[in-house]
Structures are given as C-alpha cells and as structure tokens.
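Some notes on the structure that comes next.
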Amino acid sequence: MHRLIRLFSTSIGRKLVLAVTGLMLLGFLLGHMLGNMTLLQGPEAINSYAAWLQGHPALWFMRSGLALVFGIHVYVAIALALENRSARPIRYATSPTYQTSWASRYMVFSGLLVLAFVVYHLLHFTFGVVSLESYGALDSAGRHDVYAMVVNSFRNPWICSSYVVAMNLIGLHLLHGTRSLFQTVGINHDSYNSTIRIASLVLVAIFVIGNCSLPILVFTGVIGLSGG
Ligand code: HEM
C-alpha cells in the first residue's frame, strides 16, 4: 500500500493512473456504443436494453465507479499538465512540436471538450434538459421510450451535428490517448510502433464511425419513428 502511494506521487505513477483509468473509460465507451447499436434493431431492442440497465441491482455501483474513474482521470490529467508547465517555466521561443502531433499538444484541450460533451450529453438524455419534448415518454409496455427520445433528438440538425462533431473530437482524444498508453507501459519500439498506430487508428475509427452512424442514420430518415 505504502509502495502504491509512493508510486502515485511520482510522475510516472500518475501517468500509469492516467493510462489505467483511460483504458477503463475506453472500455465503457465501447460497451456504451454496442448498447446504443440496439437502436438499429428497433424500439423493442433498445427500450428493453435500457429498462434492463435501469433496473440492474448494480446500477448505482457502476455509475459511482464510472464517475470516480472519470474524476480521477480528469484530475490526474490536469495535475500532470500543470506539472509539465511549471517544470518548463521558460517557454520555448519557437514551437517544440515538430515531433509531437497536433492531438498531443491539445490533449488537455480536447479532454476538456470531452468533459463539456459529457455534461451536455447527461443534460440531454439523462436529465432531459436539452430537448424536453422528446424526454420522459413511455412505450406501449410502460418502459422509458429511449428509442423515441433518441430518434426525436437526432432529427434536429443542431443536435445531430453537435454529436457528429463531438464524436470526432473524442476520437482525436482517444487516438492520442491509446498511443501514449503503450508508451507509458513501456511498449515503445520501432518494430511494433507502426502496428500500435494502426491498431489505435482502427479502434478509434470503429468508435467514431459507429457512434456517428446513429445520428446520421436518424437524420437521413433511415431510422425513423416507425421502427427503422
Ligand atoms: C451517438 C452517440 C451516443 C448515443 C446515441 C448515446 C446515448 C445515450 C443514452 C440514450 C443514454 C441514457 C440511457 C437511459 O437513460 O436509459 C446515455 C447515457 C450516458 N451516456 Fe451516452 N450516448 C452516446 C455517446 C456517449 C459518449 C461518447 C459518452 C462519453 C464520452 C457517453 C456517456 C454517457 C454516460 C456517462 C451516460 C449516463 C449513464 C447512466 O445514466 O448511468 N455517451 N447515452
């Protein structure tokens, strides 16, 4: 325990915490995406899935765990960024970033945009503040009509485009995050760096295309209120 606390007080320890919590959040995102994909199967599939999730005995345990992991990830990321800044009090006269990518330089910035999206998203689908008229309806089986809520929302061009933009920004954050995760755990060698790059790109492409497909399919009318 003492060793663990000592590890977390070092910069590499904090990077490790960032990597582990980032991996957990990535797991949540992929699971959440797969769950959302039930929208493609129609109202019965997504409404029963949502009802199962809402009635799950471990729901609040999972929610608290997710909030804790997310909070630690944000806190450690900001602490590390501030540390890096103060370790380099004299800023470079020219940009030091010919090797560092755009995503790397703006990791904290893109992370804060992800945070803003999560707040917006919770206000939207969990609290019904963004589009009140499509929130709170029940289906014929008396369950929360998640299908109607999502379809009614994504028919709105502003909501649809805000999700498409957000998914791409989150994708950018994930792309750099997954690559630096390997560096943090010491997997960084010329012979497999290109494999890591391709694997990260494929994973993030699945996330972005999968998540963007839902608002786009609704907006273009492929998924409709009659059930797709
Ligand atoms: C097109 C993409 C997405 C769709 C259609 C979607 C849909 C939904 C819906 C319908 C809910 C509410 C479920 C319910 O109340 O029954 C929800 C909850 C949530 N979503 Fe998403 N989501 C998307 C992307 C994301 C992303 C990218 C994140 C994180 C960055 C995220 C994080 C969450 C969280 C934290 C909750 C709350 C879970 C809870 O209530 O316990 N979602 N989402």
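The values are calculated or read from the model by the stated rules, or taken from the named source; none is laboratory data. As the structure is a prediction and not an experimental result, all values here were calculated from the model. Because the Cβ atoms are built from the backbone with ideal geometry, glycine has one as well, and the counts that use them run over all protein chains shown. Note: areas computed on protein heavy atoms with side chains; ligands, DNA, RNA excluded. Shrake-Rupley method; radii C 1.70, N 1.55, O 1.52, S 1.80 Å.
Annotations
- Within the chain, helices built from complete DSSP H runs that reach 24 Å or longer along their own axis (Cα positions) and carry a mean Kyte-Doolittle hydropathy of 0.0 or higher are 11-36, 59-87, 157-184, 190-219.
- Accessible surface calculations at 1.4 Å, restricted to protein heavy atoms, place the chain at 62 Å² per residue.
- Rg/Rh, computed from the Cα trace of the chain with Rh as the Kirkwood radius, has the value 1.02.
- Farthest toward positive dipole pole in the chain [+1 Lys/Arg, -1 Asp/Glu at C-beta], among 166, 183, 25: 183
- Solvent-accessible surface of protein heavy atoms, probed at 1.4 angstrom with all chains present, puts 63, 155, 143 in the order 155, 63, 143, largest first.
- Global form of the stretch 22-75, assessed from the alpha-carbon gyration tensor, a/c cut-off 1.5: oblate
- Spatial separation of Cα centroids for the stretch 34-87 and the stretch 142-176, in angstrom: 15 Å
- Simple point charges give the picture: +1 on the Cβ of Lys and Arg, -1 on the Cβ of Asp and Glu, and for the stretch 2-219 a dipole about the Cα centre of about 980 debye.
- Solvent-accessible area, 1.4 Å probe, carbon plus sulfur percent, for the stretch 2-219: 69 percent
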